[in-house]
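Taking it in order: structure first as structure tokens, then the write-up.
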Amino acid sequence: MTVKIAHTADVQKFFEEASGLLNQDGNPRLKTLINRIINDVARVIEDLEVTPDEFWKAVDYLNRLGARQEAGLLVAGLGLEHYLDLQLDAQDEQAGLSGGTPRTIEGPLYVAGAPLAEGEVRMDDGLDAGTVMFLQGRVLDEHGQPVAGAVVDLWHANTQGTYSYFDSTQSNYNLRRRIITDAEGRYRARSIVPSGYGCPADGPTQELLDQLGRHGNRPAHVHFFISAPGHRHLTTQINLSGDQYLWDDFAYATRDGLVGELRFVEDAAAADARGVEGRFAEMDFDFQLQAAPQPAFELRSNRPRALQDA
């Protein structure tokens, strides 16, 4: 039986020393956070009678998680990234902010600096023999009026469920683009139908999910950042209808209002008019932005990401 000593004065003073609260240097906010984390871990050890073997196994797991750069994947899989969205939703409700396209998780695979185009763009490099997809829609304001000059920053996986930059077999910025909306708020992209994917089978995230009796699969989806002066930055994604994991996403990203209806077209004349051969897909999706209550709301979070923002 674990003896509970974390609450004692001597141990509390020891934790304050370990977290830097007893000196005048360093970062006060970080000290407060670390002190809370140390205390919470100690209470978990005591309340759940964690053994030394279990503790060091957890430390080893964190080492392996970092070595595989899967921490961002794990926080999505444990629902913590979705929880942050729920927190923001609750803050909006309390502040009386409503409307617009729902937010959802960013995920760990964004890369800054994708090529920028006006109105219309091709996203793929032509090396993946996937089904051609035409994705188009409008960016609207809170009153349903078009937002010209908005930046639609979008990215998605290829037919193997992998992303450029993180998959060295793909060309730079393959399936990653930024589009400036036209005078009618429209964006248009030619790409390929993405595939859903799962966590690496041999990685620490899937290892933990296995122990929780959970799968690690995601439905096919397209990620978006959408921004425009005077409007609140939107981080969201479209999850594709018909996918078996649409409402069983291990990362909890599917939300009402974020399901895209993918239409497959077999008509040869329609394909010829689009400049393609054979079967292709179409999807229309409009986004509605909230007005920014203050300039800070126009900006995305300062979360660390691959490369630098351009």
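Which of the following residues is of a type in the set (A, V, I, L, M) and closer than 19 Å to Asp92 by Cα: Ala271, Ala306, Ala292, Ala228? Break it down into steps so the answer makes sense when it comes.
On the way: Ala271 fails: closer than 19 Å to Asp92 by Cα; Ala306 fails: closer than 19 Å to Asp92 by Cα; Ala228 fails: closer than 19 Å to Asp92 by Cα.
It is Ala292.
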>> Cβ-Cβ under 9 Å, sequence separation 6+ or interchain: first residue in region 206-221 and among the acidic types (Asp, Glu), partner assigned to a helix (DSSP H, G or I) and modelled with pLDDT of 95 or more. Which pairs?
In response: Glu207/Tyr61; Glu207/Arg64
> Which residue pairs have Cβ atoms closer than 6 Å, lie 6 or more positions apart in sequence or on different chains, and pair a first residue in region 28-53 that is at negative phi with a second residue that is of a type in the set (Val, Ile, Thr)?
Replying inline: Glu46/Thr2
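Name the single residue that is surrounded by the most Cβ atoms within 10 Å (Cβ to Cβ) among those in region 155-204 being among the small types (Gly, Ala, Ser) and within 19 Å of Ala117 (Cβ to Cβ). Outline the logic, then answer.
Taking region 155-204 first, the residues among the small types (Gly, Ala, Ser) are 157, 161, 164, 168, 171, 183, 185, 189, 191, 195-196, 198, 201, 203.
Pick out the ones that are also within 19 Å of Ala117 (Cβ to Cβ) and you get 164, 171, 183, 185, 189, 191.
Numbers: Ser164: 22, Ser171: 11, Ala183: 9, Gly185: 22, Ala189: 23, Ser191: 25.
So the residue we want is Ser191.
Going through region 1-59 one residue at a time, which ones are outside any loop (DSSP other than H, G, I, E, B) and hydroxyl-bearing (Ser, Thr, Tyr)?
At the first step, the residues of region 1-59 found to be outside any loop (DSSP other than H, G, I, E, B) are 9-18, 28-47, 52-59.
Scanning region 1-59 gives a single hit, Thr32.
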>> If I ask for residues that are out of contact with any Lys or Arg (no Cβ under 9 Å at 6 or more places or on another chain), of a type outside the set (S, T, N, Q) and surrounded by 12 or more Cβ atoms within 10 Å (Cβ to Cβ), which ones from region 18-32 would you list?
In response: Ala18, Gly26, Lys31
> Does Thr235 satisfy the criteria of being assigned by TED's automatic domain parsing to the domain that holds Tyr173, part of a strand (DSSP E or B), under 19 Å from the mean Cα position of the chain (by Cα) and closer than 30 Å to Gly216 by Cβ?
Replying inline: yes
> Pick from Thr205, Thr169, Thr159: which is closer than 30 Å to Ala270 by Cα and polar (S, T, N, Q)?
Replying inline: Thr159
> If you take the residues in region 265-281 that are in contact with an Asp or Glu (Cβ under 8 Å, 6 or more places away or on another chain) and not in a loop (DSSP other than H, G, I, E, B), which one is farthest from Ala76 (Cα to Cα)?
Replying inline: Ala271
>> Please determine whether any residue of region 248-257 is closer than 21 Å to Pro194 by Cβ and either outside the structural domain of Ala148 (by TED's automatic domain parsing) or part of a helix (DSSP H, G or I) (or both).
In response: no
> Of the residues that sit in region 60-110 and are within 23 Å of Pro293 (Cα to Cα) and touching a Gly at 6+ places or on another chain (Cβ under 7 Å), which one is surrounded by the fewest Cβ atoms within 10 Å (Cβ to Cβ)?
Replying inline: Pro102
>> Filter region 282-299 down to the residues that are part of a helix (DSSP H, G or I) and surrounded by fewer than 11 Cβ atoms within 10 Å (Cβ to Cβ) and list them by number.
In response: Pro295, Ala296
> Considering only residues of region 43-60 that are over 31 Å from the mean Cα position of the chain (by Cα) and hydrophobic (A, V, I, L, M, F, W, C), which is nearest to His7 (Cα to Cα)?
Replying inline: Ile45
> What number of residues in region 127-144 are among the small types (Gly, Ala, Ser) and under 20 Å from Glu266 (Cβ atoms)?
Replying inline: 2
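The values are calculated or read from the model by the stated rules, or taken from the named source; none is laboratory data. Keep in mind that what you see is a predicted model, and the values were worked out from it rather than measured. Glycine gets a Cβ as well: all are built from the backbone with ideal geometry, and neighbour counts include every protein chain shown.
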